[in-house]
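I have placed the structure first, in the form of structure tokens, so that the comments after it can refer back to it.
What follows draws every value from the coordinates through simple rules; no lab data is involved. Quick caveat: nothing in here was measured; it's all calculated off a predicted structure. Heads up, the Cβs are rebuilt from the backbone with ideal geometry, glycines too, and the neighbour counts pull from every protein chain shown.
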Amino acid sequence: MSAVNDTKFKFTVFLLTGIPEQEHIHNLWISLPLCLIYVISILGNVVILFIIKTDPSLHEPMYIFLSMLGITDLGLLIATMPTILGIFLFNSREISFDACFAQLFFIQSFQCIESSVLLLMAFDRFIVIRDPLRYASILTLPRIAKMGLVCVLRGVAVMLPLPLLLKRFQFCQANVLSHAYCMDQEVMMMACSDIRVNNIYGLFITVLTVVLDSLLIFLSYVMILKTVLSIASHKEFFRALNTCVAHLCAVLLFYTPEFRLTLIHRFWNGSSTLLQIVLGYIYLLVPPLINPIVYSMKSKHLRWRIIRILVK
């Protein structure tokens, strides 16, 4: 017992790892593409937010939901940027317990909020196809503001217990994390305490957010397809489906790596660590990078405004 008490205070920080056993490529082959991804992602989301804010004709439900998605992506980028770029650019690996717990809280919260926003965008597409004449009266600005507030409160309320549950643990195992950011599953496995409560709560969060939201999005698209198939005109049929392409891309980009990571962490412990790390980077960095590009290509209004900005 005394040995445990002696070892649990051996360290006061966690050591982050960019890509295990690939440290020799951190400085050039990884850091430059990562910096480019962050710059393009931040600029893309900021430009879209600026265009939506300054153009009154874009103050419609679809673009307001898109601005919510952009703000969430920016929050996720800001939450991960200090440690990821810190490791690959400056080899700064140390992170204190409190900073680690705060980072994993913000990452998880923004991911939960983004899942909720994607669900709202699916509801938006369902309303505009199912009942276009009442679209503006159903999704009014005050109602959209309330929906956004509920998304934020849900993300904060669901994820707030995570750092609090981790903070009560004593850590007496190796303090080296295999990612360039803090993950609650990995930090939890380093505790020398009973983690059953955390495992149960983590499973509850997964069901309440990822599983529930993806199921509701799937049901929304079932109803959309049912409505679209009743359209007699082929031109109107493809036009209705075309309005959902950008949102479907955003959903697939977000949920595909999320489901794979969840399955690997909870049910496939023997999987490759490199595979988990690559999926983690894809999950965090690819959606904020691709979402602005896809929506800019699919929206004539956004595309035209961006071209005008570039020409000026």
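Between residue 138 and residue 259, residue separation times 0.36 nm minus the direct Cα-Cα distance comes to 40.3 nm.
Which order do the peptides 77-86, 177-186 take when ranked by the mean count of other beta-carbon atoms within 10 Å per residue, highest first? It would help to have the intermediate numbers written out before the result.
Working: 77-86: 19.2, 177-186: 21.0.
Per-residue mean Cβ counts within 10 Å order the peptides as 177-186, 77-86.
Scanning residues 5 or more positions from residue 176 or on other chains, those with amide H under 5 Å from its amide H are 15, with H placed 1.01 Å from N in the peptide plane. Helix 300-311 and the longest principal axis of the Cα set of the chain meet at an angle near 70°. Selection among 35, 251, 176 by position relative to the dipole of the chain gives 251 as farthest towards the positive end (Cβ unit charges, Cα centre). Peptides 39-49, 280-290, 143-153 ordered by packing proxy, namely the average of other Cβ atoms within 10 Å per residue, highest first: 280-290, 39-49, 143-153.
Relative to the longest principal axis of the Cα atoms of the chain, the long axis of helix 212-229 lies at roughly 20 degrees.
Helices in the chain, meaning DSSP H runs of at least 4 residues, each add -39500 (n - 2.57). Divided by all residues, the mean residue ellipticity at 222 nm is -24500 deg cm²/dmol. The stretch between residue 189 and residue 168 holds 6.2 nm of extra length on full extension. This uses 0.36 nm per residue minus the Cα-Cα distance.
Compute the helix-to-body angle for 141-159: its Cα long axis versus the longest principal axis of the chain, expressed 0 to 90° and rounded to tens. Orientation of helix 141-159: about 20 degrees from the principal axis. Given their separation in residues at 0.36 nm each and the Cα-Cα distance between them, residue 208 and residue 248 gain 12.3 nm when the chain is fully extended. Working ranking of peptides 125-136, 291-302 by packing, defined as the average number of other Cβ atoms within 10 Å per residue, highest first, is 291-302, 125-136. Give 53/235; 226/298; 146/226; 53/298; 53/300 a once-over and call out the pairs whose C-alpha atoms are over 27 Å from each other. Violating the 27 Å Cα-Cα cut-off are 53/235; 146/226.
Annotation for residue 15 and residue 226: the two label points, set 7 Å from Cα along the Cα-Cβ direction, are 5.7 nm apart.
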